[in-house]
1. For residues in region 1-42 being among the polar types (S, T, N, Q) and at pLDDT below 95, which is nearest to the chain's Cα centre (by Cα)?
2. I need the full set of residues from region 62-84 which are over 17 Å from Arg36 (Cα atoms) and β-branched (Val, Ile, Thr), in order please.
3. Does Ala101 fit the bill of being within 20 Å of the chain's Cα centre (by Cα) and on the phi < 0 side of the Ramachandran plot?
4. Need a quick list: helices (runs of 4 or more DSSP H) entirely within the chain having at least 1 residues that are without any contact (Cβ under 8 Å) to a residue 24 or more places away in the chain, of a type in the set (Gly, Ala, Ser) and surrounded by 12 or more Cβ atoms within 10 Å (Cβ to Cβ).
Amino acid sequence: MFKLDENLLKELGLGTLPAAEKNKMLGHIYETLEMRVGMKLAEQMSNEQLDEFEAFIDKNDEAGALKWLETNFPNYKQVVADELESLKAEIKQAAPQIIAASQADHGQTAT
């Protein structure tokens, strides 16, 4: 499907971040993507479906939640892909500011 890794950060213009900040950024991207996909899918769910899906989440049953999504929302992978593309576009636009803030935090100057 897709990978949240060093190559993604390079693609987004964030390849020069320090290692610790790369890890934080990847975590932030994952959490944001997960939240946006969840919101988008929740908009399409009935109350009963929301309850069923939340039961998997409450039990930390990621495999069960995934299977449930595949059964009830076969297009969920497209939702993930669409949201990832949207998020990537936002991050690319903000990349210069993110790099500048990182360099300022570490007392570095832009080269």
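The values are calculated or read from the model by the stated rules, or taken from the named source; none is laboratory data. This structure is a prediction, so every number in the text was calculated from the model and none was measured. Cβ sites come from the backbone with ideal geometry, for glycine too, and all protein chains shown count toward neighbours.
1. Looking at residues that are among the polar types (S, T, N, Q) and at pLDDT below 95, I get Asn23.
2. Residue satisfying the conditions is Thr71 alone.
3. Against the criterion (within 20 Å of the chain's Cα centre (by Cα) and on the phi < 0 side of the Ramachandran plot), Ala101 does not qualify.
4. Correct list: 19-44, 47-58, 62-72, 76-105.
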